Amino acid sequence: MKITVFGAGAYGISIACQLAKKESNNIMLWTENKKLFDEFNKSHQFKSKFPSLEVPNNIKITENYEDAMKDTNLIFIITSAKYVNNICDNIKYYYKNTPICIAAKGIELESLNTLSNLAKNKLDTNNISVISGPTFAIDLINNNPAALAIAGYNKKTIKIVKENLQNETLKLRESSDIIGIQLCGSIKNIIAIAAGILKGLGYTESTQAFLINESLHDMKNIIHHLGGKRKTILSFAGIGDLLLTCSSAKSRNYSFGYVIGSTKNKEKINEYLKNNTVEGYYTLNSVYKMLQKKGINIPLITLIYNIVINYEDPNNLATFLINKD
């Protein structure tokens, strides 16, 4: 079976390697990164991202949308959230109702839509699923036991994704809440920035746990107001991913927050954003605007927005937690 993976970042590569464990699969990895494309074609390796990784022989790479889509049986979209709209625009000319799995995390800024709804509308299909959960790319590459939540618009799409992605080290647990799974995967990146801010300010794990506990209630309320199920917060995409991204420097969102808290320097903050993909920064903008548009008041999100976007004093975060009802 041919499986196309759009996005050759660290996470896209790690998912491609998981898919390649099934030897009958042929993985086509699409990228617009010319340097990465040339590197792979010369060495069949991704040394710039994973120096010691022996890339499976059933993974190939392309820069061409038509080649990526030709005769494909399953599609994964694993780009940054802000690029999903562009991916859909470029593949719709070749799309034939093929099952899609979206591993990108975020809310699309222009439409303020979930990525599944964006793809559904752009490609006119219900054959869409999403995955989200506590998995760092390097841990997948190293085959550490890990787990993801999966949800979709139909059982058929979920089934084909599970058959090809789940294996002896990666577990997929089904959820009936495609909205909640995506909101969890989006909002946890925002909270991870806040956790990094607290760490950068010198606060201990106790204060970070305080933040995580408070944010769980807010996430649950956001999910409910936007049509999801409160209990989804207990899934791999919820508390599992929140704990992971809010406690590890492997998370670029957490590391970005650390820069904000430790330096309080606008130039250094902008330099980090320039040199790193920080999904939470993009998502913070879209989630904040979505909540404002729908009249949903979540003071913690507003405060993080003001600290990150408007450069307000990061110390306001700890003060807020103490005074929050």
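The values are calculated or read from the model by the stated rules, or taken from the named source; none is laboratory data. Keep in mind that this is a model prediction, so the values were computed, not measured. Backbone-built Cβ (ideal geometry, glycine too); neighbour counts: all protein chains shown. What goes into the accessible areas is simple: the full protein's heavy atoms, side chains included, and nothing from ligands, DNA or RNA. Shrake-Rupley method; radii C 1.70, N 1.55, O 1.52, S 1.80 Å.
Listing for the model above:
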| item | result |
| --- | --- |
| In sequence order, calculated HN-Hα J values of the stretch 59-69 (Karplus, 6.51, -1.76, 1.60; Hz; x Gly/Pro) | 10, 10, 9, 8, 10, 10, 5, 5, 4, 5, 8 |
| Cut-off under 5 Å, modelled amide H: who pairs with Ile102 long-range | Ile77, Ser129, Val130, Ile131 |
| Those trypsin sites (Lys or Arg not before Pro) in the stretch 244-325 that DSSP places in a loop and that have at most 13 other beta carbons within 10 Å | Lys250, Lys324 |
| Probe 1.4 Å, accessible area per residue of the chain, Å² | 44 |
| Kirkwood estimate for the chain, i.e. one over the average of 1/r between Cα atoms, Å | 20.0 |
| Reduced Cα scattering model of the stretch 1-45, Debye log10 I(q)/I(0), q = 0.18, 0.23 Å⁻¹ | -0.51, -0.81 |
| Cβ-derived FRET efficiency at R0 45 Å, Thr204 paired with Asn86, nearest 0.05 | 0.60 |
| More than 18 angstrom apart: percent of Cα pairs within the stretch 159-241 | 50 |
| Calculated SAXS-style log₁₀ I(q)/I(0) at q = 0.09, 0.11, 0.19 Å⁻¹ - the stretch 19-162, Debye, Cα scatterers | -0.29, -0.44, -1.37 |
| Cut-off 12 Å, label 7 Å out along Cα→Cβ of Asn154, residues of the stretch 163-200 by amide N | none |
| Ser262 paired with Lys294, simple spin-label distance in nm, labels 7 Å along Cα-to-beta-carbon | 3.5 |
